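See structure below.
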Amino acid sequence: MRHESEESKSELSTNLQSNSVSPTFCVAMLRNGSTVKIEGNADEFLPTLKDADFAWINVQVSDLENEGGKTASMLGFNPLIINELAKQRFSGYDDHTTELGLLLPAVRVTELEVEINKLIILMKNNLIVTIHGEHVTRLVKFARYAVTFFKKVPKNLDDIDKISLVLIRILDENNERNFDGIRAIQEQGEEISKYLIETTGFRKELGSDIYKMKHALISYLEALWATLDVVHYLRYGDAEIITDDPIILQKVGMLSTDLTRQISISEQMSTVLASGLEVLQSIYNNQLQILNNRMSLIAVWMGVLGAAFIVPNTIATVFGTPIAEHVEWRTQVTILVFSTIASGLLAYLIFKKKGFLPPKID
């Protein structure tokens, strides 16, 4: 399935109109073997849960801590789990033996702006609940395929195994959508790299864009590391509510491998970015050195010219006295010209010998 790199309210509105998918829904495998998907308010799903073999409820709220806690309580969960997870920054893991709460980052990248939203997952017995804010639409899109996925879950598995498979599929969907972020950052990196072949008029834009890209990569890496922390808690099946089936746990290991690979790619991009910063610094230093050399050269030539006119100015002062009456005017001009050239050349040689002339830089 192709994933888009942006999730916005307008995109959500378009999806709801075209696919008629509500952000709050329930997908359930009933005990009679049929699969149902219903939309509406969370309290409307309670009768369905009574007849469900296993179920997944997705709820969109405007306030995770308040509305999320009320929703969790209505569905039979301890609201303290929501309160504890909502206070965490990027990720969280709260095991209450018969109930399990997870907090995962849902990344959305627009150009070089990284937005990290919170996705809370609650599990118990045969029920898994996902709670998130308005900007997380990835699960709404996945809901189109959830019924088909539920039908593929083997009916002879234990409830914990079934719900663990649903959890892994949700985690995989969230990870894949997060991975789209690096593609968006890479695309912006390609645009920034064009500045490096420019010779003029790029310094201000390049410096600002490289800083934004660095900040975006750092934020994106933080989200990936936070997700990897949560997956590490799950990969051994230590929690009572998580399966200990080695075959199913291998799927969790695959999630961990994918995350590690994406982190490696992001760190390589960070290394490339650091190299770009070094190139930029070298360019700035070279430009500054050229400017300094030009200023030094102007100062040296001003000194040469000043020295060149000191001697003829002194001689001209002497010629302004009665002494000049005994010296022919042609001789005076010759003396002035010769003294100007001689004093200028002498000053230039002295400056050059002392090393005051700056080196040439191509």
- Item | Inter-residue pairs, beta-carbon under 6 Å, first among the acidic types (Asp, Glu) and in region 220-232, second outside any helix (DSSP H, G or I) and surrounded by 17 or more Cβ atoms within 10 Å (Cβ to Cβ), 6+ apart | Asp229/Ser91
- Message: Condition (residue is more than 22 Å from the chain's Cα centre (by Cα) and of a type outside the set (S, T, N, Q)) applied to region 101-109: is it met by at least one residue?
- Response: yes
- Query: Among the residues of region 63-86 satisfying the criterion of being at pLDDT below 90 and not in a helix (DSSP H, G or I), which is surrounded by the fewest Cβ atoms within 10 Å (Cβ to Cβ)?
  - Reply: Asp63
- Note on the structure: When region 103-137 is checked residue by residue, the ones that are outside any strand (DSSP E or B), crowded, with 22+ Cβ neighbours inside 10 Å and touching a strand residue (DSSP E or B) at 6+ places or on another chain (Cβ under 8 Å) are Val136
- Task: Could you pull out the residue among Tyr236, Tyr220, Tyr211 that is modelled with pLDDT under 80, within 25 Å of Phe90 (Cβ to Cβ), in the same structural domain as Asp95 (by TED's automatic domain parsing) and aromatic (Phe, Trp, Tyr)?
- Result: Tyr211
- Mind listing whichever residues of region 220-252 are farther than 30 Å from Glu113 by Cα and assigned to a helix (DSSP H, G or I)? Leu234, Pro246, Ile247, Ile248, Leu249, Gln250, Lys251
- Query: Filter region 21-31 for residues that are of a type outside the set (A, V, I, L, M) and modelled with pLDDT under 90; which is surrounded by the most Cβ atoms within 10 Å (Cβ to Cβ)?
  - Reply: Pro23
- Which residues, counting only those in region 150-191, are aliphatic (A, V, I, L, M) and either in a helix (DSSP H, G or I) or surrounded by 21 or more Cβ atoms within 10 Å (Cβ to Cβ) (or both)? Ile160, Ile163, Leu165, Val166, Leu167, Ile168, Ile170, Leu171, Ile182, Ala184, Ile185
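The values are calculated or read from the model by the stated rules, or taken from the named source; none is laboratory data. The shown structure was predicted, so the numbers you read here are calculated from the model rather than taken from an experiment. We place every Cβ from the backbone using ideal geometry, glycine too, and count neighbours over all the protein chains shown.
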